[in-house]
Amino acid sequence: MDLAIQGRTALITGAQGGIGLATARRLAEEGVNLILSDLDETALTEAAATLPGEPLCLSADVTDQAAVDTLVTRGVAQFGAIDIVVHAAGITGAKGDPLELSDADYEEAWRIDFFSAVRVARATIPAMRERGWGRFVCITSENSVQPYWEEAVYNTAKASLGAFIKNLSYREAAHGVLCNTVAPAFIASPMTDGMMENRAKALNCSFDEAVESFLAEERPGIVARRRGEADEVAFVIAMLVSQHASFVNGSNVRVDGGSVMALQN
């Protein structure tokens, strides 16, 4: 399907791998110009070499407003404008008893998983507003509506992110800028690889057995009994940033295999 975004320019944060890189590939195939950002520019450039076209790869610390502003300025200098933002940068953060986790643990997740989106929005949305067209998509998580007790720092940051994007959606739609979130669950990625490697060690079992037991014990709603693929999330993101999704605003789209066992978003 032609998504009618050929020639648009997208900024993707957290683009070195996983959902960010898969989304970059989807959009590149649609003829979108890419500005890709992550912390390690060398690794990012190597990953981007697998993509069509000539992406602009830039390192940026999304916890620093000046760094985000510079990233956007350099991207605009290269392509003239930024029409689409996919904010995929994030961390899982510290795990443990919610009352035993430190202030620093909560603040780290807040800075990276929540407040970075505020910084990126400040740097990009005003210009989209002036041009009368834009798409702003952030990656939240199943955890924002179905929290797990040991992941309190991640849960609270992602829930705040969802609320922030909902707030933006009310204000910006009048200017043609649509803001939405995508909530994945248990996607095959370096993050979930690490989770399953740790589980395999703790249970003295294989990686595949760790995945199988995790699905059975912790994610009964995923009836497919597998991890999702990054490209399955990227497909949904690509649709949200397309011209065809012109009546989708303020939504949280789950790509979770049924992991969230509730009606509400």
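The values are calculated or read from the model by the stated rules, or taken from the named source; none is laboratory data. Every value quoted in this text rests on a predicted model; they were computed, and no experiment measured them. When we count neighbours, we look across all protein chains shown, and the Cβ atoms used for this are built from the backbone with ideal geometry, even at glycine.
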Hits in region 32-83 - residues which are closer than 16 Å to Met128 by Cα, within 17 Å of the chain's Cα centre (by Cα) and surrounded by fewer than 21 Cβ atoms within 10 Å (Cβ to Cβ)
none
Result of the Cβ filter at 9 Å on region 57-69, keeping first residues that are assigned by TED's automatic domain parsing to the domain that holds Arg25 and under 15 Å from Ile12 (Cα atoms) and partners that are among the charged types (D, E, K, R) and in a loop (DSSP other than H, G, I, E, B), at least 6 apart or interchain, is Ser59/Asp40; Ala67/Asp61; Val68/Asp61
Just give me the residues in region 201-236 being of a type in the set (Ser, Thr, Tyr) and part of a helix (DSSP H, G or I), in sequence order.
Ser213
Residue pairs qualifying under the 8 Å Cβ cut-off, at least six apart or on distinct chains, with the first in region 1-14 being not assigned by TED's automatic domain parsing to the domain that holds Ile237 and crowded, with 24+ Cβ neighbours inside 10 Å and the second being of a type outside the set (A, V, I, L, M, F, W, C) and at pLDDT below 95, are none
Are there any pairs with C-beta distances below 6 angstrom linking a residue in region 221-241 that is more than 24 Å from Ile5 (Cβ to Cβ) to a residue that is polar (S, T, N, Q), with the two at least 6 apart or on different chains, and if so which?
Gly221/Ser259; Ile222/Ser259
Among the residues of region 82-105, which ones are aliphatic (A, V, I, L, M) and either within 22 Å of Ile139 (Cα to Cα) or touching a Gly at 6+ places or on another chain (Cβ under 9 Å) (or both)?
Ile82, Ile84, Val85, Val86, Ala88, Ala89, Ile91, Ala94, Leu101
Can you pull out every residue in region 60-96 that is acidic (Asp, Glu) and touching a Phe, Trp or Tyr at 6+ places or on another chain (Cβ under 8 Å)?
Asp83
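Going through region 150-159 one residue at a time, which ones are touching a residue at least 24 places away in the same chain (Cβ under 8 Å) and under 14 Å from the mean Cα position of the chain (by Cα)?
Tyr154, Ala157, Lys158
For (1) farther than 22 Å from Gln146 by Cα; (2) acidic (Asp, Glu); (3) not assigned by TED's automatic domain parsing to the domain that holds Ala24, each residue gets a yes or a no:
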site	(1), (2), (3)
Glu209	yes, yes, yes
Ser213	no, no, yes
Glu218	no, yes, yes
Gly221	no, no, yes
Ala238	yes, no, no
Ser246	yes, no, no
Pairs where the first residue, in region 165-191, is in the same structural domain as Ile125 (by TED's automatic domain parsing) and more than 27 Å from Gly17 (Cβ to Cβ) and the second is of a type in the set (Phe, Trp, Tyr) and part of a loop (DSSP other than H, G, I, E, B), C-beta under 7 Å, 6+ apart:
Gly176/Trp133
Restricting to region 213-224, and then to whatever is over 13 Å from Met195 (Cα atoms) and among the charged types (D, E, K, R), can you tell me which residue is surrounded by the most Cβ atoms within 10 Å (Cβ to Cβ)?
Arg219
